[in-house]
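Please treat every number below as a calculation from the coordinates, not as lab data. Quick caveat: nothing in here was measured; it's all calculated off a predicted structure. Cβ coordinates were reconstructed from backbone atoms using ideal geometry, including for glycine residues, and neighbour counts include every protein chain displayed.
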Amino acid sequence: MAARMMLLVLMALLLPAAVAASLPDPTALPRALTSPDPETLQVAPTLAWVKFNGKHSIAWYGGSTVKLGDSVEGGRVTAIREDHIVISGKGGRRIVYLIDKSARTQLLAPPRPVRKTRN
């Protein structure tokens, strides 16, 4: 009889803990508000700077320098402008703008001086 009583008391003590373990944490944030795992998070490549010099322009895109005609993400760089690059491929055309507009247009060659004309 004492063994049965101890067994009932033991079950009564362990049962709430087992039930509570299967319930969600009421203090946890909803999944929509929590940040995703770094492994599943894919960061889109960004355009950090552009050195604009006509056909000799280069840009820093996705961690490396690119120039006209370079292959990137299944497409090709078809244009480099002062504040963006254009990538064209099978999926269409995509324009990628600079992250920071203050980093806009860094000329490779200095501008030509303006000549004064005689009156």
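Quick notes on this one:
- 3J(HN,Hα) along the range 51-68: 10, 8, 8, x, 6, 9, 5, 9, 8, 9, 10, x, x, 8, 7, 10, 9, 4 Hz, from the Karplus curve 6.51 cos²θ - 1.76 cosθ + 1.60 with θ = phi - 60°, whole Hz, x for Gly and Pro.
- Residue order, fewest to most surrounding Cβ atoms within 10 angstrom, among Leu47, Leu68: Leu68, Leu47
- Dividing the mean sequence gap of close Cα pairs (under 8 Å, 6+ apart) by how many residues the range 63-103 holds gives a relative contact order of 25 percent.
- Counting 0.36 nm for each residue step from Arg115 to Leu10 and taking away their Cα separation leaves a gain of 27.9 nm.
- In terms of the mean number of neighbouring beta-carbon atoms within 10 Å, the peptides 53-64, 89-100 order highest first as 53-64, 89-100.
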